[in-house]
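Trainee: Structure incoming, see below.
The values are calculated or read from the model by the stated rules, or taken from the named source; none is laboratory data. This is a predicted model, so every value here is computed, not measured. No Cβ is skipped: glycine too gets one built from the backbone with ideal geometry, and neighbour counts run over all protein chains shown.
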Amino acid sequence: MKKYNFNAGPSILPREVIENTAKQILDFNGSGLSLMEISHRAKDFQPVVDEAVALIKELLQIPEGYAVIFLGGGASLQFHMVPNNFFVKKAAYLNTGTWAKKALKEAKFFGEVVEVASSADKNYSYLPKGWSVPEDCDYFHITSNNTIYGTEIRKDLDVKMPLIADMSSDIFSRPIDVAKYACIYGGAQKNLAMAGVTFVIVKEDMLGKTGREIPTMLDYRTHIEKGSMFNTPPVVPIYSALETLRWIKKNGGVEAMDKLAHERADLLYAEIDRNKLFKGTVAEEDRSLMNICFIMNDEYKDLEKPFFEFATERGMVGIKGHRSVGGFRASCYNAMSVDGVKELIACMKEFEDKH
Ligand SMILES: *Cc1c(COP(=O)(O)O)cnc(C)c1O
């Protein structure tokens, strides 16, 4: 039976990305060695990093003055690296969920942190509105897509201070005005690659201004200077990212990804709203196109487990909601086809007909 992978992360990747990476794991560029056993300093590997960086710059139309680096440690390490590199006296954070809160916690190691607004009062089911950021903050941090709760800031905000965004789960799903950001980062395992690599896009002239010593490994400048080769980078995950970037380019770039994201999400939210069994968990105007959360309507609560089993039997994988929301979450990253979403909708309809 065909499986439809709705996992939130690690998550679906295009089939050809997996196949091409597998081929290179068996025999890297015809060298007779595996991608897993070559040196990151091998002359064949440098072009992999160079092409991946060039494609990121091309796909996102990154202006001059920004560096793109690959690191280990996940987005979670970035929660700490960001303040290490940007915090001087005071920073501002928008609290829109678990990941935002974790980022905020790390910034507190460095001094005063302003929680500009929070949607914790309603279990992060909406994006806070009407807030303003104190102008004396060094930077303002947002989580563009809240993977767990299914809200998304799907636009580039205008603020008066450097903007920094965790884009772990919506990077490459739309065009971004990178010039508005001082830093964009994310774990690759949602929309870009297999787990193990983190991407960071950083405006170089913003660095070196904290007046503090920064531990070598935590200083972006270390990794920029060495082209992501200060220490051994995650070779295979970077290769898989390269394959995904090639796939995005071949399939029309981030504009095409954006169009597909809207198409998938429009279909699925329409069914959630139409189907008598289900309801969405998020304020309509804040709905994520990437992670689509829904629960059973109150009078059908008992059908949660049966629907999960019904859908699983039909090849739907990973639709169980995160424990902090419950119900269901269908993650619809770039590699999820519109047909995959239609299959899920067919399950929802069929299940509705039975009840
Ligand atoms: C998954 C996720 C993280 C955590 O990423 P790790 O790479 O596991 O550290 C952080 N932020 C967001 C928005 C995420 O979706």
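Trainee: Specify which of the listed residues (ILE56, ILE38, ILE12) is more than 16 Å from the ligand (Cβ to nearest atom), touching a residue at least 24 places away in the same chain (Cβ under 8 Å) and part of a loop (DSSP other than H, G, I, E, B).
Mentor: Just one listed residue meets the conditions, ILE38.
Trainee: What residue, among those in region 60-73 that are within 15 Å of the ligand (Cβ to nearest atom) and either surrounded by fewer than 18 Cβ atoms within 10 Å (Cβ to Cβ) or not assigned by the TED database to the domain that holds ALA241 (or both), is nearest to PRO233 (Cα to Cα)?
Mentor: The extreme case among them is GLY72.
Trainee: If you go through region 125-145, how many residues are part of a loop (DSSP other than H, G, I, E, B), closer than 22 Å to PRO83 by Cβ and within 16 Å of the ligand (Cβ to nearest atom)?
Mentor: Qualifying residue count, region 125-145: 1.
Trainee: Is it the case, given these coordinates, that LEU267 is assigned to a helix (DSSP H, G or I) and buried (at least 20 other Cβ atoms within 10 Å of the Cβ)?
Mentor: Taking the combined requirement at face value, the residue does not satisfy it.
Trainee: Now for a separate question. Kindly indicate which of LYS89, LYS101 is surrounded by fewer than 18 Cβ atoms within 10 Å (Cβ to Cβ) and out of contact with any Asp or Glu (no Cβ under 8 Å at 6 or more places or on another chain).
Mentor: Being surrounded by fewer than 18 Cβ atoms within 10 Å (Cβ to Cβ) and out of contact with any Asp or Glu (no Cβ under 8 Å at 6 or more places or on another chain) holds for just one of LYS89, LYS101, which is LYS101.
Trainee: A follow-up question, please. Please go through (1) part of a loop (DSSP other than H, G, I, E, B); (2) within 11 Å of the ligand (Cβ to nearest atom) for PHE199 and return the number of the only condition it doesn't satisfy.
Mentor: Among (1) part of a loop (DSSP other than H, G, I, E, B); (2) within 11 Å of the ligand (Cβ to nearest atom), PHE199 violates only (1).
Trainee: Restricting attention to region 90-100, does a residue exist that is of a type in the set (Lys, Arg) and assigned to a loop (DSSP other than H, G, I, E, B)?
Mentor: no
Trainee: Yes or no: region 146-156 includes at least one residue that is near the ligand (Cβ under 10 Å from one of its atoms) and on the phi > 0 side of the Ramachandran plot.
Mentor: Checked region 146-156: no residue is near the ligand (Cβ under 10 Å from one of its atoms) and on the phi > 0 side of the Ramachandran plot.
Trainee: Which residue pairs have Cβ atoms closer than 6 Å, lie 6 or more positions apart in sequence or on different chains, and pair a first residue in region 176-194 that is more than 16 Å from TRP247 (Cβ to Cβ) and not assigned by the TED database to the domain that holds MET336 with a second residue that is within 12 Å of the ligand (Cβ to nearest atom) and in a helix (DSSP H, G or I)?
Mentor: TYR185/GLN78; GLY186/ALA75; GLY187/GLY74; GLY187/ALA75
Trainee: Out of GLY208, GLY130, I need the residue that is more than 27 Å from ALA265 (Cα to Cα) and out of contact with any strand residue (DSSP E or B) (no Cβ under 7 Å at 6 or more places or on another chain). Which one?
Mentor: Exactly one of GLY208, GLY130 is more than 27 Å from ALA265 (Cα to Cα) and out of contact with any strand residue (DSSP E or B) (no Cβ under 7 Å at 6 or more places or on another chain), namely GLY208.
Trainee: Could you check how many residues of region 117-146 are crowded, with 19+ Cβ neighbours inside 10 Å and over 22 Å from the mean Cα position of the chain (by Cα)?
Mentor: Final tally of qualifying residues: 3.
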